[in-house]
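The values are calculated or read from the model by the stated rules, or taken from the named source; none is laboratory data. Model, not experiment: these values are computed from the prediction. Quick reminder, even Gly has a Cβ in these numbers, built from the backbone with ideal geometry, and neighbours come from all protein chains shown. Ligands, DNA and RNA are excluded from the accessible area calculation, which covers all protein heavy atoms including side chains. Shrake-Rupley method; radii C 1.70, N 1.55, O 1.52, S 1.80 Å.
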Amino acid sequence: MSAEDRSRLLGAAVDRVLGDALREVAARIAEGSVADYIPELADADPEAFGVSIASVLGRAYGAGDADAPFTIQSASKPFVYAFACEELGAEAVHEHVGVEPSGEPFNAISLDERGRPENPFINAGAIVTTSLVPADDADDRFRRIRDALSRFAGRELDLDDEVYRSEAATGHRNRALAGLALAAGSLATDDVDAATDPYFRQCALRVTTADLAVMGATLANGGVNPITRDRVVGERAARNTLSVMATCGMYDRSGDWAFRVGMPAKSGVGGGIVAVRPGEFGVGVYAPPLDEAGNSVRGVAMLEALSDRFGLHMFDHVAEPVSPVAEVDVDAAAGTVTFDLRGELDFVAAEQIVHDVGRVLEHTDARVVRLDFGDVTVVAGVAEQLLGATAAAAEAAGVEVHAIGAPDEVLEQFGVAERD
């Protein structure tokens, strides 16, 4: 069997696991109603059901109607928010929109004491966020948003013109929300249509669950699309977006979602949901029938099943981590101790290294400690600082600390050039 065949076989195994979960959910969940307040959405197939996963390593999997197109609707909001934060900076964005859960329906009139919409994912906040995207006019604003969302998806997204026209013809409440935001001073343009028209169009972009999974994986990957390797937004913008998704992404069901599923997510009334496991993967699901809050009933059930089955809740207890110290070599004659480090060094790993170094120094007469970073993949900022402080304390006690193969940031914390 060729390497390509083996890879395909393993990919099929992931697809099969997703397919099993999808069929189990489809067999027990039949509730919900297709959105009809936007006339074109009422024509969606209520039996359509698909799921996709895209990993930060650039691999994708799917089951069911994973390639069925649908309009992104409110699942566009996190990506426009991330784009606005990247363009303007979070501080400037939050002069106009807050980050607090509203506890109210997605189309509610919800302004804080400063006249800002409560968060960028209710309609009022999303319209304000869209208005913040720098542009010459409404057409240019939509062009820039479409380009950004296409970069998140790794392909050019096309507009469903019929859905757009349907939304524009019936979007009176959204125009009213934009007018209230303008009166309150939070809308970034004095022309309501220059905000609402691009908003209607961004919601009418066509995607598949595979697209949503890649878009989510781009946020999971710190803003870098794992398929194209394009940096779409910076790490801070991606982190900020995931934070708001975790607290506000499922409208007035966000608390229940955090309790049951525990992944940053955003739903849309077209039946799509994008969810993210930070640092690992993005998930896209599609099933048009919605609950009273506007979230896909089967989509929510599917993500709850995946979270339960695979331990994806962000507050699940993590098993005891593998030691970051692969081996300790004590050379008593030379007065040296070498610690072979490995893997990702975060707070827990760095704390373990500090403990192990202290214990060895307590029981030996070592004059030199060598930390070998040859098999280390990532050094978090907190680990850099903890190890740097440990090196300084050891040197103050007359013990040299050598950093072998360490990144420049670590050497900087150590205050020395690489030794050995």
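Listing for the model above:
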{"item": "Residue in region 215-238 that is within 16 Å of the chain's Cα centre (by Cα) and within 24 Å of Leu41 (Cα to Cα) present", "result": "yes"}
{"item": "Flag if Phe83 is modelled with pLDDT of 95 or more, at negative phi and of a type outside the set (Val, Ile, Thr)", "result": "yes"}
{"item": "Matching entry among Thr209, Thr241, Thr247 (being crowded, with 20+ Cβ neighbours inside 10 Å and out of contact with any Gly (no Cβ under 7 Å at 6 or more places or on another chain))", "result": "Thr241"}
{"item": "Qualifying positions in region 352-379 - within 24 Å of Ala319 (Cβ to Cβ) and touching a helix residue (DSSP H, G or I) at 6+ places or on another chain (Cβ under 7 Å)", "result": "Ile353, Val354, Val379"}
{"item": "Cβ pairs under 8 Å, 6+ apart, first in region 360-379 and farther than 17 Å from Ala349 by Cβ, second open to solvent by 100 Å² or more (accessible area, probe 1.4 Å)", "result": "Arg370/Asp420"}
{"item": "Enumeration of residues in region 246-281 that are among the acidic types (Asp, Glu) and closer than 16 Å to Tyr81 by Cα", "result": "none"}
{"item": "Only listed residue being outside the structural domain of Glu235 (by the TED database), small (Gly, Ala, Ser) and not in a helix (DSSP H, G or I), chosen from Gly358, Gly374, Gly388", "result": "Gly374"}
{"item": "Hits in region 131-145 (condition: open to solvent by 50 Å² or more (accessible area, probe 1.4 Å) and part of a helix (DSSP H, G or I))", "result": "Asp139, Arg143, Arg144"}
{"item": "Residue check for Ala178: in the same structural domain as Pro78 (by the TED database), open to solvent by less than 30 Å² (accessible area, probe 1.4 Å), within 28 Å of the chain's Cα centre (by Cα) and at pLDDT 95 or above", "result": "no"}
{"item": "Among residues of region 393-411, those that are of a type outside the set (Gly, Ala, Ser) and free of Cβ contacts under 8 Å to residues at least 12 places away in the same chain, counted", "result": "3"}
{"item": "Only one of Val337, Val300, Val283 that is over 20 Å from Glu384 (Cβ atoms), open to solvent by less than 50 Å² (accessible area, probe 1.4 Å), assigned by the TED database to the domain that holds Ala380 and hydrophobic (A, V, I, L, M, F, W, C)", "result": "Val337"}
{"item": "Any hit, region 153-165, residues being touching a Cys at 6+ places or on another chain (Cβ under 7 Å) and in a helix (DSSP H, G or I)", "result": "no"}
{"item": "The lone exception for Val224 - which of (1) closer than 18 Å to Leu57 by Cα; (2) touching a residue at least 40 places away in the same chain (Cβ under 8 Å) it fails", "result": "(2)"}
{"item": "Count of region 146-173 residues which are touching a Phe, Trp or Tyr at 6+ places or on another chain (Cβ under 7 Å), open to solvent by less than 30 Å² (accessible area, probe 1.4 Å) and not small (Gly, Ala, Ser)", "result": "3"}
{"item": "Which listed residue, of Ala349, Ala380, Ala319, is crowded, with 18+ Cβ neighbours inside 10 Å, among the small types (Gly, Ala, Ser) and within 30 Å of Ala258 (Cβ to Cβ)", "result": "Ala349"}
{"item": "Subset of region 42-67 [part of a loop (DSSP other than H, G, I, E, B) and either of a type in the set (D, E, K, R) or in contact with an Asp or Glu (Cβ under 8 Å, 6 or more places away or on another chain) (or both)]", "result": "Asp45, Glu47, Ala48, Phe49, Val56, Arg59, Asp65, Asp67"}
{"item": "All strands (runs of 3 or more DSSP E) inside region 218-337 with 2 or more residues being among the small types (Gly, Ala, Ser)", "result": "265-267, 272-277, 281-286"}
